[in-house]
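Structure record follows, encoded as structure tokens.
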Amino acid sequence: MAVLQSVAIEELRSKVRGAVLLPADQGYDDARRIWNAMIDRKPGVIVMCAGVADIIRSVAFARHQELEVSIHGGGHNIAGNAVCDDGLMINLSPMKSVRVNPETRRAYVEPGAKLGDLDHESQAFALAAVVGINSTTGVAGLTLGGGFGWLTRQYGMTVDNLISAELITAEGKWMRASGAENPDLFWAIRGGGGNFGIVTMFEFQLHPLGPEVLCGLIVYPFNEAKTVLTKYLEFVEDIPEELNVWAVLRKAPPLPFLPEEVHGKEIVALAVFHSGDIETGRRAIAPLRGFGEPHGEHLGPQPYTAWQKAFDPLLAPGARNYWKSHNFAELSGDALESIVRYAGDLPHHQCEIFIGMIDGQASRVPPEATAYSHRDAKFVMNFHGRWESPSDDERCITWAREFFNAMTPHAAGSVYVNFMTQDETGRVPAAFGTSYERLVQVKNKYDPTNFFHMNQNIKPSV
């Protein structure tokens, strides 16, 4: 590294517009810090890319110096693949431009942008992209893994709304991928993760929405959890696709609409979202209030951008996080028993279980159409361990793993790749499902040396 610092680093600095940071430099620790505080790796050098030219030169530098490479987009991935030890971090966070064309309903998004950036620009024209549910999530990582959120039942996965992408390959070559240009690469990046290159621009189809939507929470006592979840599963069997309802089991945060004595107690909450006419939505969600005797509710029209930020305080950066996850084609009574049992034994007040619903349009896309192939998944369940102190690591991780094992007999056998932790490399084939062998062939073509391997890695076979 001394040679790098004295000669090669200065040459790199002369070739890029963005900052080149070494461990002793001001800003280095901020640049390497990501959302999950369990990840504490130290790159040998970080390039804060100001544009595509910086990415090309960073790739060339890493190849010439034979450095391991990690790619930092939003830095939100649970596995911490944005950060490597001793190698080169290509940090894309300065590249966060979002440009919207309201006439064609398209958004052009750089890889450092977060969902809040995309929502902000799109909602200026009462348009929205199909993205996740936290404004601090990175657009790039979410998209490359498949992407789902409140609009998925109506418009499909995030990758179903990706029109094209521009990227830099492992050889430092610029390419455009779309249905007409390099279609094999376009297929692969729609769910295959960051295995094939560094995306420098995403082009998304946008949809009319808002600026106000009907949304909010209905919070039930935990002693009614089994009944509420049973009625929830019956209710969602036949609801319009503009309506989405997720279930969350956790300890109640100090929400102002809940009685003070409920704060810190176990609850089951229904998170409700309706994208259509407000009055039609009110009628559609009315049965949700009859599932039991709620502690309280906060439901009504509010700006879509505000709803997208509603859960941000519960997922702020700086905490320690460990997740386990399953996909489900259906949820049975036995599965609900396990959910309620483990939700009643949360190891920390920040831990939670959420059940996200992703059927509708997402399930009508053929499994072979994109690398994201799990079109039979109606629910994604995340066993979300979250805490502050390293002294709680073993307790919280054990809870997540034991719950995961208890739910395995009821699960579909697949997993959403963006919810996989760094110790789950054995699940990579399950994450990519029927697409895996084809993804290996695309990897052989575009990255045969596995230059991009800080990810849920698809190993080349050549």
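Structure notes:
- When each of the peptides 88-97, 236-245 is scored by how many other beta carbons lie within 10 Å of its residues on average, the order from highest to lowest is 88-97, 236-245.
- Pairs beyond 24 Å (Cα-Cα), from Lys173/Lys459; Lys114/Lys231; Lys251/Lys324: Lys114/Lys231
- When you restrict to C-alpha pairs under 8 Å that are six or more residues apart and normalise by the size of the stretch 98-209, the relative contact order lands at 32 percent.
- Stretched out straight at 0.36 nm per residue, the stretch from Phe257 to Ser391 would grow longer than its current Cα-Cα span by 44.9 nm.
- Relative contact order (%) - criterion: Cα under 8 Å, at least six apart; region: the chain: 16 percent
- Arg99 versus Asp25: modelled label distance in nm, points set 7 Å from Cα along the beta carbon direction: 2.8 nm
- Reference-scaled alpha-carbon Rg (2.2 N^0.38 Å with N residues) for the stretch 276-423: 1.18
- Base-10 log of normalised Debye intensity for the stretch 197-304 (one unit scatterer per alpha-carbon) at q = 0.17, 0.23 Å⁻¹: -0.81, -1.23
- In order along the stretch 362-373, the phi-based Karplus estimate (6.51 cos²θ - 1.76 cosθ + 1.60, θ = phi - 60°) of 3J(HN,Hα) comes to 4, 7, 8, 7, x, x, 7, 5, 9, 5, 6, 10 Hz; Gly and Pro are listed as x.
- Considering the chain, its Cα convex hull presents a mean projected area of 21.2 nm².
- Loop-located GluC sites (Glu not before Pro) across the stretch 270-351 with a Cβ neighbour count of 16 or fewer within 10 Å are Glu330, with loop assigned by DSSP.
- The stretch 345-373-the stretch 117-172 distance, computed between alpha-carbon centres (Å): 16 Å
- Summed over all non-identical Cα pairs, the Kirkwood treatment of the stretch 279-359 gives a radius of 16.3 Å.
- Sparsely packed GluC sites (Glu not before Pro) within the stretch 1-80, loop by DSSP, other Cβ within 10 Å at most 15: Glu66
- Pairs of Cα atoms nearer than 8 Å and 6+ residues apart set the relative contact order; for the stretch 300-435 it is 36 percent.
- Kirkwood hydrodynamic radius over Cα pairs of the stretch 116-239, then Stokes diffusion coefficient at 20 °C and 1.002 mPa s, in µm²/s: 129 µm²/s
- Value of [θ]222 nm, deg cm²/dmol, for the chain, DSSP H segments ≥ 4, -39500 (n - 2.57) each, nearest 500: -7000 deg cm²/dmol
- For the stretch 1-89, the fraction of alpha-carbon pairs in successive 10 Å shells from zero, as %: 18, 55, 25, 2
Read-outs throughout are calculated quantities, based only on the coordinates presented, and are distinct from any laboratory measurement. All of these numbers come straight from a predicted model, not from anything done at the bench. With ideal geometry, Cβ positions are generated from the backbone for all residues, glycine too; neighbour counts draw on all protein chains shown.
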